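Following: one structure in C-alpha cells, then a few remarks.
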Ligand SMILES: Cc1cc2nc3c(=O)[nH]c(=O)nc-3n(C[C@H](O)[C@H](O)[C@H](O)COP(=O)(O)OP(=O)(O)OC[C@H]3O[C@@H](n4cnc5c(N)ncnc54)[C@H](O)[C@@H]3O)c2cc1C
C-alpha cells in the first residue's frame, strides 16, 4: 500500500513548526520517527495533506540533567535512550522499558515524543511515564504549558494535546538513590507490542515500601495507574501473599481488548503475572541498592 499524496515540510525551529501547524490546520500532521504514522498512512487510516517533519529541529533532541530532573527532547530516539549512560544511572526504568520496544530498526527511528503523542495503549512509554511521575512540555500558539503524564492519556489515540500544539520535552524527576524499578513485558516475539506489561518504580526504608507507583500497558484503552495495588503495598514488606493480592487488584482494573495476542481472560491473567514479577524485581533491586 502507498500513502495518499501529501506535501512535505521540514522546519528548522519550533516556532517555524508551530506556524506551519497553525497555517495548515487540520490538513497537517507532525512527523517524528514515522513508525506509527506511516503505517497508518499506508493503510489510509490517516490521509494528511501535509506532513511537518520535526526531524531537523535540533532543540527537540537530547537528554540532559537539569537540577533534580532529567529533560528529554521529544525527538530523542529509543536507540539514544537505550544507550544513554545518564539515563542508565539516573532513570534505569526508562532504559529497561525502551529496550523492550519493538526491534532495533524501529528503535533507531522511533522517538519518545511520537510514542507518547500517538496515544496507542500498546505503546510502552505511557505506563513508563506514569510510573516515573513524568511531565510533558506542550508548546502551542498561545505559549507553553506543562502537564503531568498521569491524566494525559485520555483513551484510544486520545491525549490532552490540543490541535496546534507540539510536545517538545519530557521531564522526569530523578528517583532517589537506592530506588528500585522494573518493567516486565510479555510479548509473543521480538517486534511485537505487549500482550501485557507492568512498570514499577519503588523506594524502601529497610524492608518496608515507602513509595511506589505501578502502571499497566495494553490492558485497557489507555495505560492505567494501579492505585489500589499501590495502596496495598505501601508501608509493608513484600511477600508472596502480598504479591498475589497486588496482582489481583491490578487485574481487577483491566479491560483488555481481545485480539491475536489473547482473549480478555488471558490478558488479564498476564497483567497479574507481569505485576507480580515487576513488583518482586523492583523490591529486590530496592533492597540491594
Ligand atoms: C513493528 C513495530 C513494532 C512496534 N512495537 C512497539 C512496542 O512494542 N512498544 C511501543 O511503545 N511502540 C512500538 N511501536 C511503535 C513505535 O515505537 C513508534 O515509533 C511510536 O509509536 C511513534 O513514534 P514515532 O517517532 O515513530 O512517531 P510518528 O509515527 O512519526 O508519529 C506518531 C503520532 O504522534 C504525532 N507526533 C509525533 N511527534 C509529536 C510531537 N513531538 N508532538 C506532537 N505530536 C507528535 C504524529 O503526528 C503522529 O500522530 C512499534 C512500531 C512498529 C512499526
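The values are calculated or read from the model by the stated rules, or taken from the named source; none is laboratory data. Model, not experiment: these values are computed from the prediction. Note: ideal-geometry Cβ built from the backbone for every residue, glycine included; neighbour counts use all protein chains shown.
Here are the numbers for the structure shown:
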item	result
Some residue of region 170-179 being touching a residue at least 60 places away in the same chain (Cβ under 8 Å) and closer than 30 Å to residue 50 by Cβ	yes
Among residues of region 19-44, those that are within 11 Å of the ligand (Cβ to nearest atom) and not in a helix (DSSP H, G or I), counted	9
Cβ pairs under 8 Å, 6+ apart, first in region 262-285 and on the phi > 0 side of the Ramachandran plot and outside the structural domain of residue 240 (by TED's automatic domain parsing), second surrounded by 18 or more Cβ atoms within 10 Å (Cβ to Cβ) and modelled with pLDDT of 95 or more	none
Residue selected from region 85-114 under the condition farther than 19 Å from residue 173 by Cα and without any contact (Cβ under 8 Å) to a residue 40 or more places away in the chain, by the criterion nearest to the ligand (Cβ to nearest atom)	101
Among (1) part of a helix (DSSP H, G or I); (2) touching a strand residue (DSSP E or B) at 6+ places or on another chain (Cβ under 6 Å), the one test that residue 231 misses	(2)
Residue 64 vs. criteria assigned to a strand (DSSP E or B) and free of Cβ contacts under 8 Å to residues at least 40 places away in the same chain	yes
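Condition check ((1) modelled with pLDDT under 95; (2) buried (at least 18 other Cβ atoms within 10 Å of the Cβ)) across all residues:
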position	(1), (2)
4	yes, no
16	no, no
28	no, yes
31	no, yes
35	no, yes
